Amino acid sequence: MPHERPARLPGAEAGVLAFPDQRSVSRAAEARLAEAVGLAASIGLTIVHSAAFPLRTRRPSTLLGEGQVEAAKLAIEENKVGVVVVDAALTPVQQRNLERAWGCKVIDRTGLILEIFGERARTREGSLQVELAHLEYQRTRLVRSWTHLERQRGGFGFLGGPGESQIEIDRRLIGERIVKLKKELEQVRRTRGLHRAARTRVPFPVVALVGYTNAGKSTLFNALTGAGVYAQDQLFATLDPTMRAIRLPSGRTVILSDTVGFISDLPTQLIEAFRATLEEVAAADIILHVRDVAHPDTSSQRSDVLGVLHEMASGENPTLDEHWMGRTIEVLNKADLLGGIADVPGTDASAIAVSALTGEGLDILRAALDARLAANMVTLDYALPPSDGARIAWLYQHGEVLAREDADDCIRLTVRLSPADRARFEQA
């Protein structure tokens, strides 16, 4: 089955063009261009030229005006560019026309992000999600990519007739593969549901990290858990979800979940394909929204994350949209780039400044997690026989023991428990 992907060209010379328009007024043109350059560089492209063109109207044939096409062509020829990355969503016709005008390969924002995800995915789940997203994208581009296959094949069976063209066969094969992938991903969702049910039976609160790509989620994850999750100063360093148990100052155990980073104008194919991964956010007791507070575009990045969460919540995860605000703590990361946590404005109980790199502010964050989890808990007194070591250990593991009094015939514990843990303990 034909399956064209944007060529992996490590070391190839590339140009990046960003087209800020009326839909992107909240994001500075320089910030958009810098992000696009970072995306292209993250897959090994050598950036030899970049430029931002103001886009007043979107031309159906080439997206941008004739003068801009010609100006870009001169820069492409002068710098001997082999790949042009256009920081916009191109239609198949626009992509084809720009390739003809410039005489080189053109990749749009969606294709570039799909290529990055394809290189970063490590688990089978991640690979399935990327393949599904790519096929959804590719299906609309067969006209551009496979025009040489428009020839007709003979009829099938005894019906005769003109039969299917090769491009129709390609579309049908891609459609069949998409159906198969969706079934496999549905099985992933069921498996995740079973894992969540298991955590409910032996409950630990779940804390999910979300945020814009390269905000420092994985660095924070490593700092809190001591894990060795891949963390680099690059976009989309983490794609596959990772979970670890951590111990808070109260002694309470929570599960920390690191998820894929968000980005502005995230392709709709990826929002759907990664729904199974991001369901962890919907099931979380607390959401840590990690922000790069030192980034000049941090406010717009925050809006982009909230927008993706809202889009994910529509349909099958309405509870995410209804309750996630009350479960969210904003983590203003990279405070070290501003001089320290004392120099970060706007911090309070719902916005905590930290530096995952230096560790500054992490104790405050851990205490805030404890306080948020304790808000809905109840304080109870239990008297247990000394021989009932298993239940005593269970209370220490799942609750916060505030006081203990040992006597010959019983052990009295004052414990703070969640309502679910209280019901489970008293029904045992």
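Is it true that Val188 is modelled with pLDDT under 85 and surrounded by 14 or more Cβ atoms within 10 Å (Cβ to Cβ)?
Numbers: modelled with pLDDT under 85: yes; surrounded by 14 or more Cβ atoms within 10 Å (Cβ to Cβ): yes.
Against the criterion (modelled with pLDDT under 85 and surrounded by 14 or more Cβ atoms within 10 Å (Cβ to Cβ)), Val188 qualifies.
Kindly indicate whether any position in the stretch 39-50 is in a helix (DSSP H, G or I) and surrounded by fewer than 18 Cβ atoms within 10 Å (Cβ to Cβ). Give the steps one after another, and end with the answer.
Narrowing the stretch 39-50 to residues in a helix (DSSP H, G or I): 39-41.
Going one step further and asking which of them are surrounded by fewer than 18 Cβ atoms within 10 Å (Cβ to Cβ), we end up with 41.
Yes, the stretch 39-50 contains a residue that is in a helix (DSSP H, G or I) and surrounded by fewer than 18 Cβ atoms within 10 Å (Cβ to Cβ).
For Ala423, which of the numbered conditions (1) assigned to a helix (DSSP H, G or I); (2) more than 28 Å from Phe221 (Cα to Cα); (3) touching a residue at least 24 places away in the same chain (Cβ under 8 Å) fails to hold?
Against the list (1) assigned to a helix (DSSP H, G or I); (2) more than 28 Å from Phe221 (Cα to Cα); (3) touching a residue at least 24 places away in the same chain (Cβ under 8 Å), Ala423 comes up short only on (3).
Criterion first (of a type in the set (Asp, Glu), more than 27 Å from Lys217 (Cα to Cα) and surrounded by 17 or more Cβ atoms within 10 Å (Cβ to Cβ)) does Glu400 satisfy it? Steps first, answer last, please.
On the way: of a type in the set (Asp, Glu): yes; more than 27 Å from Lys217 (Cα to Cα): yes; surrounded by 17 or more Cβ atoms within 10 Å (Cβ to Cβ): yes.
Taking the combined requirement at face value, the residue satisfies it.
Residue by residue, here is whether (1) of a type in the set (Asp, Glu); (2) in contact (Cβ under 8 Å) with a residue 24 or more places away in the chain; (3) under 23 Å from Leu306 (Cβ atoms) holds:
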position: Ala335; (1), (2), (3): no, yes, yes
position: Gly339; (1), (2), (3): no, no, no
position: Asp343; (1), (2), (3): yes, no, no
position: Leu362; (1), (2), (3): no, yes, no
position: Leu380; (1), (2), (3): no, yes, no
position: Ala390; (1), (2), (3): no, no, no
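Considering only the stretch 408-420, state which residues are within 37 Å of the chain's Cα centre (by Cα), buried (at least 17 other Cβ atoms within 10 Å of the Cβ) and not in a loop (DSSP other than H, G, I, E, B). It would help to see each step written out before you state the result.
The initial filter retains those residues of the stretch 408-420 that are within 37 Å of the chain's Cα centre (by Cα), namely 416-420.
Now drop any that are not buried (at least 17 other Cβ atoms within 10 Å of the Cβ), which leaves 416-418.
Across the stretch 408-420, the qualifying residues are Arg416, Leu417.
Within the stretch 379-428, can you find the residues that are polar (S, T, N, Q) and over 23 Å from Ala367 (Cα atoms)? Break it down into steps so the answer makes sense when it comes.
Within the stretch 379-428, the subset polar (S, T, N, Q) is 379, 387, 397, 414, 418, 427.
Ser387, Gln427, listed by residue number.
Within the stretch 191-220, how many residues are crowded, with 17+ Cβ neighbours inside 10 Å and modelled with pLDDT under 75?
Residues that pass the stated criteria total 1.
Restricting to the stretch 334-343, name every residue that is among the small types (Gly, Ala, Ser) and in a loop (DSSP other than H, G, I, E, B).
Step one: list which residues in the stretch 334-343 are among the small types (Gly, Ala, Ser), which gives 335, 339-340, 342.
Those that are among the small types (Gly, Ala, Ser) and in a loop (DSSP other than H, G, I, E, B): Gly339, Gly340.
Considering the stretch 91-107 alone, what residues qualify as being buried (at least 20 other Cβ atoms within 10 Å of the Cβ) and either in contact with an Asp or Glu (Cβ under 7 Å, 6 or more places away or on another chain) or at pLDDT below 90 (or both)?
Matches in the stretch 91-107: Gln95, Val106, Ile107.
Among the candidates Leu33, Leu55, Leu64, Leu39, single out the residue that is in contact with a helix residue (DSSP H, G or I) (Cβ under 6 Å, 6 or more places away or on another chain) and modelled with pLDDT under 90. Before you say what the answer is, go through the steps one by one.
Numbers: Leu33 fails: in contact with a helix residue (DSSP H, G or I) (Cβ under 6 Å, 6 or more places away or on another chain); Leu55 fails: in contact with a helix residue (DSSP H, G or I) (Cβ under 6 Å, 6 or more places away or on another chain); Leu64 fails: in contact with a helix residue (DSSP H, G or I) (Cβ under 6 Å, 6 or more places away or on another chain).
Result of the check over Leu33, Leu55, Leu64, Leu39: Leu39.
Could you please find all residues in the stretch 119-129 being assigned to a helix (DSSP H, G or I), modelled with pLDDT under 80 and under 23 Å from Thr191 (Cα atoms)?
The first filter runs over the stretch 119-129 and keeps only residues assigned to a helix (DSSP H, G or I), leaving 119-120, 124-129.
Now drop any that are not modelled with pLDDT under 80, which leaves 119-120, 124-127, 129.
Within the stretch 119-129, Arg120, Arg124, Glu125, Gly126, Ser127, Gln129 qualify.
Mind listing whichever residues of the stretch 51-71 are in contact with a strand residue (DSSP E or B) (Cβ under 8 Å, 6 or more places away or on another chain), closer than 21 Å to Ala31 by Cα and outside any strand (DSSP E or B)?
Passing the criteria: Phe53, Leu55.
Conditions tested, residue by residue: (1) part of a loop (DSSP other than H, G, I, E, B); (2) at pLDDT 90 or above; (3) β-branched (Val, Ile, Thr); (4) within 26 Å of Ala245 (Cα to Cα).
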position: Glu322; (1), (2), (3), (4): no, no, no, no
position: Ile329; (1), (2), (3), (4): no, yes, yes, yes
position: Leu332; (1), (2), (3), (4): no, yes, no, yes
position: Pro345; (1), (2), (3), (4): yes, no, no, no
position: Leu357; (1), (2), (3), (4): yes, yes, no, yes
position: Ala367; (1), (2), (3), (4): no, yes, no, yes
position: Ala371; (1), (2), (3), (4): no, no, no, yes
position: Asn376; (1), (2), (3), (4): yes, no, no, yes
position: Asp381; (1), (2), (3), (4): no, yes, no, no
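The values are calculated or read from the model by the stated rules, or taken from the named source; none is laboratory data. Note that this is a predicted model, so its numbers are computed, not measured. Please note: Cβ atoms are built from the backbone with ideal geometry, for glycine as well, and neighbour counts cover all protein chains shown.
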